[in-house]
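Student: The following block contains the structure, expressed as structure tokens.
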Amino acid sequence: MNYKMSDLKGIDENQVALLRQAGVENTDEMMNLWNDPARRLSLTASTGLTDEQFIRLASMARVARLKGVGPKYANLLVTAGVRGLKSLGTYTPETLVQRLGDVSASRRLAGPVPTLVEVGAWFAELKPAVVPGTPSPNGS
């Protein structure tokens, strides 16, 4: 799914304005920019966004596009250290629900914490080799 960057919770209005000035309005455009190192460097230079800020914004765009995540949970996931499918695959649904609850409470984040059923659905996006405890295609 494609979302407006302004719809993602946890993104500062000033950052949204800087992205707009650079021609980035939505998550698809952010991912296209992420995949173009020259444009990425140009954006950080022209907007004053730090590499850390840009990586966080790109991570939020990336996880928001996962089925069932959207703007509702992107900030919580990135704050908890989930920046894409690979880092999602380091958890089980149960351990991720626990981690998200802990991060939400410790950081006093507004908004809901996803249920185990919701989180379980996110794992359907993972390739079998990435799902924790699943053998890789070569048998290891």
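Student: Find all pairs meeting these conditions: Cβ atoms under 9 angstrom apart; at least six residues apart or on different chains; first residue within region 15-37 and farther than 12 Å from residue 65 by Cα; second residue crowded, with 17+ Cβ neighbours inside 10 Å and among the hydroxyl-bearing types (Ser, Thr, Tyr).
Tutor: Short answer, once both residue conditions are applied: 15/47; 18/47; 19/47; 21/47; 22/47.
Student: Within region 30-39, does at least one residue satisfy the condition of being touching a Phe, Trp or Tyr at 6+ places or on another chain (Cβ under 9 Å), within 30 Å of residue 120 (Cβ to Cβ), buried (at least 16 other Cβ atoms within 10 Å of the Cβ) and of a type in the set (A, V, I, L, M, F, W, C)?
Tutor: yes
Student: Looking at 87, 104, which one is over 9 Å from the mean Cα position of the chain (by Cα), under 23 Å from residue 26 (Cα atoms) and among the hydroxyl-bearing types (Ser, Thr, Tyr)?
Tutor: It is 87.
Student: Considering 64, 58, which residue is closer than 19 Å to residue 1 by Cα, in contact with a Phe, Trp or Tyr (Cβ under 9 Å, 6 or more places away or on another chain) and either surrounded by fewer than 18 Cβ atoms within 10 Å (Cβ to Cβ) or touching a residue at least 60 places away in the same chain (Cβ under 8 Å) (or both)?
Tutor: The unique qualifying residue is 64.
Student: Inside region 1-81, counting only helices (runs of 4 or more DSSP H) that do not spill past its ends, which hold 3 or more residues that are farther than 20 Å from residue 97 by Cα?
Tutor: Counting at least 3 such residues, we get 13-21, 27-34, 37-47, 51-64.
Student: Scan region 23-55 for residues that are of a type in the set (Gly, Ala, Ser) and closer than 22 Å to residue 1 by Cβ and jot them down.
Tutor: 23
Student: Exactly one of (1) at pLDDT 95 or above; (2) buried (at least 17 other Cβ atoms within 10 Å of the Cβ); (3) over 17 Å from the mean Cα position of the chain (by Cα) is unmet by residue 43. Its number?
Tutor: It is condition (1) that residue 43 fails.
The values are calculated or read from the model by the stated rules, or taken from the named source; none is laboratory data. What you see is a predicted model, and the numbers here were worked out from it, not measured in a lab. Cβ sites come from the backbone with ideal geometry, for glycine too, and all protein chains shown count toward neighbours.
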